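Asker: There's a structure below that I have some questions on.
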Amino acid sequence: MSAIADLITDEMEKQGSIEFTLEETELLNPDLKEYTAFYKIVGESRLKLFRNNKMELVFVRLNDDWMRQGKINITGVDLPLQVKLTWDNDSVDKLAVKKADDQIFQEITSLQIDN
């Protein structure tokens, strides 16, 4: 878990992009209510990637002014799962996943909720 968080540096608080592979079997374990891939505090921002109890991979980024959240259903996927996260305070945040047998990433744009 910490290896993914280590990809995010202090300079990436307001804008950044990382790509990595999830291979942990716990990610797809339906007996676990939630699985956290990483949680990182960078300056005033907090970033988290987790799998919820609905088998959705969820990317959350928040600060004092707003929260952005994006979800992709990962029911039925096989490991490894490639993940791309991009974020930009002045634009949008995106979550993208690519299953082992896919050629392209499935991508969604996070929704913003103002505080």
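Throughout, read-outs are computed from the coordinates displayed, never taken from laboratory work. No experiment lies behind these values; they were computed from the predicted model shown. Counting neighbours? That spans all protein chains shown, and the Cβs are built from the backbone with ideal geometry, glycine included.
Asker: How many angstrom lie between the C-alpha centres of region 1-64 and region 82-115?
Answerer: Taking the Cα centre of each part, region 1-64 and region 82-115 sit 12 Å apart.
Asker: A follow-up question, please. Whose amide H sits under 5 Å from the amide H of F38, counting only residues 5 or more places off or on another chain, with H placed in the peptide plane?
Answerer: Here L49 satisfy the definition.
Asker: What number, rounded to the nearest 500 deg cm²/dmol, is the helix-based mean residue ellipticity at 222 nm of the chain, given -39500 (n - 2.57) per DSSP H run of at least four residues and division by all its residues?
Answerer: Values: 1 runs with 4 residues, N = 115.
Calculated from helices alone, the mean residue ellipticity at 222 nm is -500 deg cm²/dmol.
Asker: Can you list the trypsin sites (Lys or Arg not before Pro) in region 1-42 that are in a DSSP coil and have 15 or fewer other beta carbons within 10 angstrom? Could you put the intermediate results ahead of the total?
Answerer: Working: sites: K14, K33, K40; in loops: K14, K33.
Loop-located and lightly packed - K14, K33.
Asker: Rounded, prolate or oblate: which fits region 2-114 when a ≥ b ≥ c are the square roots of the eigenvalues of the alpha-carbon gyration tensor, with rounded for a/c under 1.5 and prolate only if a/b beats b/c?
Answerer: Note, shape of region 2-114 comes out prolate.
Asker: Calculate the FRET efficiency for R46 and S17 from the Cβ-Cβ distance with a Förster distance of 22 Å, rounded to the nearest 0.05. Write out the running numbers ahead of the final one.
Answerer: Working: r = 17 Å, r/R0 = 0.79.
That pair, R46 with S17, gives E of 0.80.
Asker: Taking the Cβ-Cβ separation of N53 and I104 as r and a Förster radius of 25 Å, what is the calculated FRET efficiency to the nearest 0.05? Please list the in-between numbers first.
Answerer: Values: r = 28 Å, r/R0 = 1.11.
Calculated transfer efficiency: 0.35.
Asker: Name the GluC sites (Glu not before Pro) in region 29-109 that are in a loop by DSSP and that have at most 13 other C-beta atoms within 10 Å, would you?
Answerer: Working: sites: E34, E44, E56, E107; in loops: E34, E44.
Filter output for region 29-109: E34, E44.
Asker: Oh, and also: Could you give the nm distance between label points at Y39 and E26, where each point is 7 Å from its Cα heading toward the beta carbon?
Answerer: 1.2 nm
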